[in-house]
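Structure, as C-alpha cells:
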Amino acid sequence: MTAATTTLPPQQLSARVGFFQGISQMFTLAWRSTVSVKHEPKQLADISFQPIIFTLLFTFVFGGAISGDRHAYLQFMIPGMLVMSMLFATINVGIGLNTDLSQGVFDRFRSLPIARWAPLAGRIIGDQFKQVWSVLLVVGVGLLLGFRPEKGFLGVLAAGLLLLVFAIAFSWVPTLVGVAADQAEKVQVFAFAVILPLNFVSGVFAPVESMPSWLQAFADVSPVAILLKACRGLMNGGAAVTSSVIWSLVWAAVIAIVFGALSVRALKKRI
C-alpha cells in the first residue's frame, strides 16, 4: 500500500501591482529621494543661490525702473520669484531620474515586484522637500528686503500650497525629458531653453501690459501666467483670484495626466 503524494502548484507572483501597493511603494521611493539630500547637501545649492541672486538683482537693479519704488516692486516680484523657483526646482527631478537610469538603478527596480510608475512618482514626491525649502527661502529673503504680503500668513500659506500642487503636476514635464534624454546635461538645456523664456513671457519680473499684443495673448492662456496671477492674488489680493486658482488646478491636472502617461510610456521603451 503506497501513500498518495500531493504536489502543490508553485505560487505565481501577480503580474500587476495593486493601486494602494503602488502608493506605498511610491512613498518608500520618495523617502529614498529625500534622504539623499542628507548625504549630498549640494543638491540644495542651485535652488538656494539662484533665488537669492535673482531676488537681489532684480530688486536693486530693475525695481525702481519698473515700479518706481523698490518696496512696491517687491510686492509684484516675490510671487513671481516663487513661481520661477518652483519651475526651476522641478528640473532636479529630471536630472535625478536621468542619472538613475544611466547608473542602472532602474534596472534593479525592474527586477522588483513594484508598480512601474512608482519610481517616477516617488522621485517627484520626494523632491517636494526642495520645493518647500525654495518657498521658505524666497519668502524669507523678501521679508528681509521689505516684502509685506497684504493677505498675511494665510495668503502666503495658500499660495505655497497651490505652488506645491502645481509643482507635483509640472514635474512630469522634466520627468519625460529626463527619461527620454541620454545625458543629464540635456535636461539642463531644457531648463534654459524652455522654462526661463516661459517665466519672462508670463510676467514674472515685468508687467505683460508692456509686451507686444501677441505675447500678451500668449500670457492670457499660459499656465505659468495663470498660476502667477493666482499667487499674486492670494498673497496681495486682487480680482478674479478664485478663477485663477481654479484654472491653475485644471492646468495642473491636464499636465499631470498627459505628461505622466507619456513618461511611463517612455520609461517602458527605455528599459
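The values are calculated or read from the model by the stated rules, or taken from the named source; none is laboratory data. Only a predicted model underlies this, so the values are computations on that prediction, with no experimental measurement involved. Virtual Cβ from ideal backbone geometry, glycine too; neighbours counted across all protein chains shown. Only protein heavy atoms, including side chains, enter the accessible area calculation; ligands, DNA and RNA are left aside. Shrake-Rupley method; radii C 1.70, N 1.55, O 1.52, S 1.80 Å.
Details
- Any chance residue 226 is without any contact (Cβ under 8 Å) to a residue 60 or more places away in the chain and closer than 23 Å to residue 67 by Cα: yes
- Subset tally (residues that are under 22 Å from the mean Cα position of the chain (by Cα) and more than 16 Å from residue 33 (Cα to Cα)) for region 71-93: 13
- When the residues of region 160-186 are filtered to those that are among the β-branched types (Val, Ile, Thr) and at pLDDT 90 or above, the one that is least open to solvent (accessible area, probe 1.4 Å) is 175.
- Hey, residue 156 surrounded by 20 or more Cβ atoms within 10 Å (Cβ to Cβ) and at pLDDT 90 or above or not: yes
- Within this structure, residue 96 fails the test of being in a helix (DSSP H, G or I) and over 22 Å from the mean Cα position of the chain (by Cα).
- So residue 25, is it more than 22 Å from residue 146 (Cα to Cα) and either among the basic types (Lys, Arg) or open to solvent by 50 Å² or more (accessible area, probe 1.4 Å) (or both): no
- Condition met for residue 245 (assigned to a helix (DSSP H, G or I) and open to solvent by less than 40 Å² (accessible area, probe 1.4 Å)): yes
- Among the residues of region 56-102, the ones that are of a type in the set (D, E, K, R) and under 25 Å from residue 129 (Cα atoms) come to 1 in all.
- Selected residue (criterion: farthest from residue 205 (Cα to Cα)) from residues of region 48-73 that are surrounded by fewer than 22 Cβ atoms within 10 Å (Cβ to Cβ) and touching a residue at least 60 places away in the same chain (Cβ under 8 Å): 48
- When residue 112 is tested against the conditions (1) open to solvent by 30 Å² or more (accessible area, probe 1.4 Å); (2) assigned to a loop (DSSP other than H, G, I, E, B); (3) in contact (Cβ under 8 Å) with a residue 12 or more places away in the chain, the lone failure is (3).
- With respect to the conditions (1) at negative phi; (2) open to solvent by 30 Å² or more (accessible area, probe 1.4 Å); (3) not in a helix (DSSP H, G or I), residue 238 lacks only one, and its number is (1).
Yes or no, residue by residue, for (1) under 17 Å from residue 256 (Cα atoms); (2) among the β-branched types (Val, Ile, Thr); (3) open to solvent by 20 Å² or more (accessible area, probe 1.4 Å); (4) assigned to a helix (DSSP H, G or I):
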site: 75; (1), (2), (3), (4): no, no, yes, yes
site: 108; (1), (2), (3), (4): no, no, yes, yes
site: 119; (1), (2), (3), (4): yes, no, no, yes
site: 122; (1), (2), (3), (4): yes, no, no, yes
site: 134; (1), (2), (3), (4): no, no, no, yes
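- When region 187-231 is limited to residues that are among the β-branched types (Val, Ile, Thr) and open to solvent by less than 10 Å² (accessible area, probe 1.4 Å), the one that is modelled with the highest pLDDT turns out to be 224.
- Number of the exception - residue 227 against (1) under 17 Å from the mean Cα position of the chain (by Cα); (2) farther than 24 Å from residue 50 by Cα: (2)
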